[in-house]
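**Student:** Below you will find the structure I want to go over with you.
Read-outs: derived from the displayed coordinates by stated rules, not from any lab. Owing to the predicted nature of the structure, the values given are computational and were not obtained by experimental measurement. Virtual Cβ from ideal backbone geometry, glycine too; neighbours counted across all protein chains shown.
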Amino acid sequence: MTFRLLEKYRKEVLPAMQGEFGRKNPHDLPKLDKICLNMGVGKAIDDSKILDEAVKTMTIIAGQAAVVTKARVSVSNFRLRQGYKIGCRVTLRGAMMYEFFDRLIATAIPRIRDFRGVSKKAFDKAGNYALGIEEVTIFPEVDADRLTHPLGMDVAFVIKNSRGREESQKFLKLMGMPFAE
């Protein structure tokens, strides 16, 4: 079973990047390595039900079981101790990654109210891209009526073989990422 975005990458994006970047070897061109989803739930210190809700919601969104994350250090100002459960995360690779990416750009992002495109400034030096989602209710599989607390999440696109921000941006644009003009 091939996914629409994976097929688009192989048939359209690779040839376009080979021509633009002047590299013939397809293994030397930018490629999506993994997508990391992260949900920080600071209120979970007081109420563990919020964390359970976040884990269930992330599992539904990702289609893969979420892992609970714990605090690495103690921060007294936040009443946070090392080892407290404060969030959850999922790392998507392969087919699940392309399926999530397709759902994100085709159904979830267009549901954002007053959407004018995602920022072009969220690239790091290596060419990886980070995107913050304020409300997970933009995903159609999440039932907004069942959520008792507003949840947001971070999405990080890890791109291999990129030689900087410009190449990664061009790659994601060819894949269908709706950047702001």
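**Student:** In units of 2.2 N^0.38 Å, what is the alpha-carbon radius of gyration of the range 1-73?
**Tutor:** It is 1.71.
**Student:** Right, here's the next one. Quick check for me: using +1 on Lys/Arg Cβ and -1 on Asp/Glu Cβ, what's the dipole size of the range 106-181 about its Cα centre, in debye to the nearest 20? Walk me through the numbers on the way to the answer.
**Tutor:** Working: 12 positive and 11 negative charges, 100 e Å.
About 480 debye.
**Student:** Here's another thing I want to ask about it. For the chain, build the charge dipole from Cβ charges (+1 Lys, Arg; -1 Asp, Glu) around the Cα centre, then report which of 78, 130, 19 sits farthest towards its positive end.
**Tutor:** Ranked along the dipole, the leading option is 19.
**Student:** Right, here's the next one. Give me the net charge of residue 157's neighbourhood, meaning all other residues with Cβ under 10 Å from the Cβ of residue 157; Lys, Arg count +1, Asp, Glu -1. Display every interim value, and only then the final one.
**Tutor:** Values: positive: 34; negative: 33.
With Lys, Arg at +1 and Asp, Glu at -1, the net is 0.
**Student:** In the Gaussian network model of the chain, springs joining C-alpha atoms below 10 Å, which of 96, 39, 58 carries the largest mean-square fluctuation?
**Tutor:** Top of the fluctuation ranking is 96.
**Student:** What percentage of all Cα-Cα pairs in the range 1-154 are separated by more than 19 Å?
**Tutor:** Summing the P(r) of the range 1-154 above 19 Å gives 63 percent of all pairs.
**Student:** Check residue 81: other-chain or 5+ apart residues with amide H under 5 Å from its amide H, H built from backbone geometry?
**Tutor:** 75
**Student:** Further question on the same structure: Using only the C-alpha atoms of the range 78-178, find the volume of their convex hull and express it per residue in Å³.
**Tutor:** Value for the range 78-178: 159 Å³ per residue.
**Student:** With a Cα-only, solvent-free Debye model of the range 47-131, what are the log10 I(q)/I(0) values at q = 0.12, 0.16, 0.20, 0.25 Å⁻¹?
**Tutor:** Debye intensities relative to I(0), on a log10 scale: -0.54, -0.90, -1.11, -1.17.
**Student:** Just how far, in whole angstrom, is the range 133-152 from the range 75-98 if you go by their alpha carbon centroids?
**Tutor:** 18 Å
**Student:** Now, a different point. Angle between the Cα long axis of helix 94-103 and the longest principal axis of the chain, 0 to 90 degrees, nearest 10?
**Tutor:** 80 degrees
**Student:** For the range 87-135, what class follows from the C-alpha gyration tensor (a ≥ b ≥ c being the square roots of its eigenvalues): rounded when a/c is under 1.5, otherwise prolate if a/b is larger than b/c, else oblate?
**Tutor:** oblate
**Student:** Next question, about the same structure. Ordered by residue, what ³J(HN,Hα) values in Hz, to whole numbers, does the range 67-78 give under the Karplus form 6.51 cos²θ - 1.76 cosθ + 1.60, where θ = phi - 60° and Gly and Pro are x?
**Tutor:** Values per residue, Gly and Pro as x: 9, 6, 9, 10, 5, 7, 10, 8, 10, 5, 5, 9 Hz.
**Student:** Give me the percent of Cα-Cα pairs in the range 36-78 that sit more than 14 Å apart, rounded to a whole number.
**Tutor:** Of the Cα pairs, 51 percent sit more than 14 Å apart.
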